[in-house]
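Have a look at the structure below, then the notes.
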Amino acid sequence: MAMARMALRLMADIHVGDDVIYRGRVFRVCGISPMSASPRRFLLEDPDTGESVEALQDDVELVGDGDSAA
């Protein structure tokens, strides 16, 4: 149940233009699959190289999204 709540929070927190960490590197979110798509995917771009990659929602983390309480 906690995983589902965390996934819902992640979907609401990440927007086009945000920076995320994927496989240890920082990428910018360029696109997000529709909420109805499963599994949910993000289209990412490396801001340094312009490389585009597609990542599953579970594989990305919002930059600066630590475990500290807000």
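Read-outs throughout are calculated quantities, based only on the coordinates presented, and are distinct from any laboratory measurement. For clarity, every value in this text was computed on a predicted model and none was experimentally measured.
A few points about this structure:
- Annotation: amide H of D18 within the under-5 Å range of V29, sequence separation 5 or more or interchain, hydrogens built in the peptide plane.
- The length gained by stretching the chain between D48 and V63 to full extension, at 0.36 nm per residue less their Cα-Cα distance, is 3.8 nm.
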